[in-house]
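Input: one structure, supplied below.
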Amino acid sequence: MESVPVGEDGTTPGERALQTTVALGGDGADIAHARHLAAQFLIRVQAGHGLPVSQRALDVTQLVVSELVTNARKYAPGPALLDLRIAGDTVEVSVWDSGPVLPIARAADAGRVGQHGLEIVMAVAQGFEAQREPVGKRITARIALIDDPGGDITGRQPL
């Protein structure tokens, strides 16, 4: 059996190439910068590791990143972290911020102006989780890397 070096975080060099974390400073350019980083990450994963990444996955990942970073900026001023990680056939988008209050999805309301970001994320993601951290919270959404022709528009399988 071949020995593979493991880093302090418990990952191998190949696994680290399938993950990236960036600190967001809190200025107005964070949202566009985060979307760009997400697109570049998926392009590198596809080119460098041969993983299939559909155009839909690229677009949805940028949308989810935009919504989660926007919420972090709006509800938890200060630093934030964006973490992108390949987990099987999904990309996990996690945003940590210093705000302690977990988000609550509101009931759909076509007449409401704004505050639809969490609804959007939950509609397009295959998985969603909000958890408290020792400081702040972490919001994670999982997005399929390839289109699912058997599922509905969200990529979820019908029940």
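Enter the mean projected area of the convex hull around the alpha-carbon atoms of the stretch 31-127, in nm², rounded to one decimal.
Hull-based average projected area comes out at 6.8 nm².
Let me ask another. For L81, what is the net charge nearby, where nearby means another residue's Cβ is under 9 Å from its Cβ and Lys, Arg count +1, Asp, Glu -1?
Spelling it out: positives minus negatives among the neighbours equals -1.
Which FRET efficiency, nearest 0.05, do E133 and A87 yield, Cβ-Cβ r, R0 22 Å?
My answer for the efficiency is 0.70.
Return the FRET efficiency for the residue pair A32, A107: r is the Cβ-Cβ distance, R0 is 22 Å, and the value is rounded to the nearest 0.05.
So, using R0 = 22 Å, E works out to roughly 0.15.
Enumerate the residues in the stretch 45-73 having an amide nitrogen under 19 Å from the point lying 7 Å beyond the Cα of S98 toward its Cβ.
Residues 69-73 fall inside that zone.
Every number in this text was worked out from the coordinates using simple rules, so none of it is lab data. Keep in mind the model is a prediction, meaning the values are calculated, not measured. When we count neighbours, we look across all protein chains shown, and the Cβ atoms used for this are built from the backbone with ideal geometry, even at glycine.
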